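The values are calculated or read from the model by the stated rules, or taken from the named source; none is laboratory data. The structure presented is a predicted model; accordingly, all values stated were derived computationally and were not measured. Cβ atoms come from the backbone with ideal geometry, glycine included; neighbour counts cover every protein chain shown.
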Amino acid sequence: MSNVYSAIKISDHVYWVGAIDWTIRDFHGYTTPRGSTYNAYLIMADKITLIDTVKAQFKEEMLSRIKSVVDPLQIKYIISHHSEMDHSGCLPELIDMIKPQKVFASAIGIKTLKELFHDQHEMVSVADGESLSLGNMELTFMETRMIHWPDSMFSYLAQDQVLFSQDAFGMHLASLERFDDEITEATLEYEAATYYANIVLPYSPVVLKALEKVTATGWKIKILAPDHGPVWRKDLAKIIELYQKWASQKPTAKAVVVYATMWHSTEKMAGAISEALAEEGIKVRLLSMNETHRSEVVYEVLSAGALIVGSSTLNNNILPQMADVMTYLKGLKPANLIGAAFGSYGWSGESVRHLEEMLKEMKVEIVAGAVAVKHVPDSAVLAKCRELGKTIAAELRKKVASNQ
Ligand code: FEO
């Protein structure tokens, strides 16, 4: 039977041997409309080495790609940079099949893999800064705890100047194009930002330290090989610069207005607030949670300085669509935001209080009093909404100026 899948050479000695998941649409709450890839890499060193693996159900695709280069039984080392199951799902089966001489992971990685799979395979821990000889080549490890799990690490292959960065610099984008220069810049930036916002954002302080750490090594990096999406070979400086920007989370003159509405009253308020913000020169994204996925909201918040949230009151609470996005946003810990709440109600009107409490828990600085209306907003209420928009705009301009 012919081998269906092929490896793709990414440097003199390294091949991409991952899998393309064209159909995945949900990644623990993050919607992935363009699917994803699980990248694994084969280093054709004296000791043939497999860097990471793929989700369990994609094992045959990975093996098929490996077979296009070498008999998988020739693999001597397997290295797990990150034990989350999209990269380790088929690892135990693969170890049984290949019987490599050694399997390496960070100390926390070994512990995590044992907790995930409860198997008895022997693994060797590698430490931060440690180098591993592959015979004619050498891999050097760097711990990158919390990007994206406590076990995570990068490794650097000096001979080919390749940095294997597991989740970092990745994106959920299924494609047959394997390199950054084969995909439009707009797609790369949008998908990388969406990935950062939905996966990496809470660990931004760690990202800044990791970027410093990589710079301090003096490693010359020609290829950046993440575990999802394209391999970076053209514009590495650009994605590193974007990571620096996203991780810094400096406020910008952009406001995100997010709301859910029952009978269009909260929607009218959102419109009035947005118009006033725009008139003051603030870039606005107006997102109705009746139609928008939470992943898109956090993508927009990544590059914003203000978050203004609205909801009708439903059964003494906020609408469930708003509860969903507020819970998701809280977990992703966007920083340096100012904000306010607004909403409509029929009789009891608790929504704005709940929203303000949630904003405070997210450490969003509330800079304007909430606007709430019973039933339908009249022109006086809409004028209050416009005033809220103008107050936010003034505060945002000050905040942006003080963060220049
Ligand atoms: Fe791609 Fe954190 O796993």
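A few points about this structure:
- Unmet criterion (only one of (1) away from the ligand (no atom under 15 Å from the Cβ); (2) closer than 19 Å to Val200 by Cα; (3) of a type in the set (Phe, Trp, Tyr)) for Phe141: (2)
Table: residues versus (1) under 24 Å from Leu132 (Cα atoms); (2) in a loop (DSSP other than H, G, I, E, B).
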| position | (1), (2) |
| --- | --- |
| Ser6 | no, yes |
| Gln57 | no, no |
| Arg65 | no, no |
| Val69 | yes, yes |
| Ile78 | yes, no |
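- Test result for Leu157, closer than 29 Å to Arg294 by Cβ and either in the same structural domain as Pro72 (by TED's automatic domain parsing) or in contact (Cβ under 8 Å) with a residue 40 or more places away in the chain (or both): no
- Residue in region 91-113 that is of a type outside the set (Phe, Trp, Tyr), away from the ligand (no atom under 16 Å from the Cβ), surrounded by 23 or more Cβ atoms within 10 Å (Cβ to Cβ) and modelled with pLDDT of 95 or more present: yes
- Subset of region 196-233 that is free of Cβ contacts under 8 Å to residues at least 60 places away in the same chain and within 16 Å of the ligand (Cβ to nearest atom) - its residue that is farthest from Asp128 (Cα to Cα): Pro230
- Here Asp119 clears all of (1) more than 20 Å from His228 (Cα to Cα); (2) within 15 Å of the ligand (Cβ to nearest atom); (3) at pLDDT below 95 except the condition numbered (2).
- So Thr140, is it at negative phi and free of Cβ contacts under 8 Å to residues at least 12 places away in the same chain: no
- Verdict on Val17 being surrounded by fewer than 19 Cβ atoms within 10 Å (Cβ to Cβ) and among the β-branched types (Val, Ile, Thr): no
- Applying a threshold of 7 Å to beta carbon distances and a minimum spacing of six or more residues, or different chains, the list of pairs starting in region 8-33 at a residue that is without any contact (Cβ under 8 Å) to a residue 24 or more places away in the chain and ending at one that is among the acidic types (Asp, Glu) is empty.
- Only residues that are more than 12 Å from the ligand (Cβ to nearest atom) and under 17 Å from Ala192 (Cα atoms) were counted across region 158-175, and they come to 4.
- Residue that is farthest from Leu63 (Cα to Cα), among those in region 26-42 that are within 16 Å of the ligand (Cβ to nearest atom) and outside any strand (DSSP E or B): Gly29
- Any chance His87 is in the same structural domain as Asp21 (by TED's automatic domain parsing), loosely packed, with under 14 Cβ neighbours inside 10 Å and out of contact with any strand residue (DSSP E or B) (no Cβ under 6 Å at 6 or more places or on another chain): no
- Residue count for region 50-75, restricted to those that are buried (at least 18 other Cβ atoms within 10 Å of the Cβ) and either away from the ligand (no atom under 14 Å from the Cβ) or not β-branched (Val, Ile, Thr) (or both): 13
- One residue stands out among those in region 177-192 that are in contact with a helix residue (DSSP H, G or I) (Cβ under 9 Å, 6 or more places away or on another chain) and closer than 21 Å to Thr23 by Cα: the one that is surrounded by the most Cβ atoms within 10 Å (Cβ to Cβ), which is Ala192.
- Ala45 meets the stated requirement of being more than 16 Å from the ligand (Cβ to nearest atom), touching a residue at least 12 places away in the same chain (Cβ under 8 Å) and of a type in the set (Gly, Ala, Ser).
- Residues being more than 22 Å from the chain's Cα centre (by Cα), of a type outside the set (Lys, Arg), in the same structural domain as Thr37 (by TED's automatic domain parsing) and within 14 Å of the ligand (Cβ to nearest atom) are entirely absent from region 124-133.
- Verdict on Ala192 being in contact (Cβ under 8 Å) with a residue 24 or more places away in the chain, in the same structural domain as Gly170 (by TED's automatic domain parsing) and touching a strand residue (DSSP E or B) at 6+ places or on another chain (Cβ under 7 Å): no
- Odd one out for Cys385 among (1) farther than 24 Å from Lys268 by Cα; (2) more than 29 Å from the chain's Cα centre (by Cα): (1)
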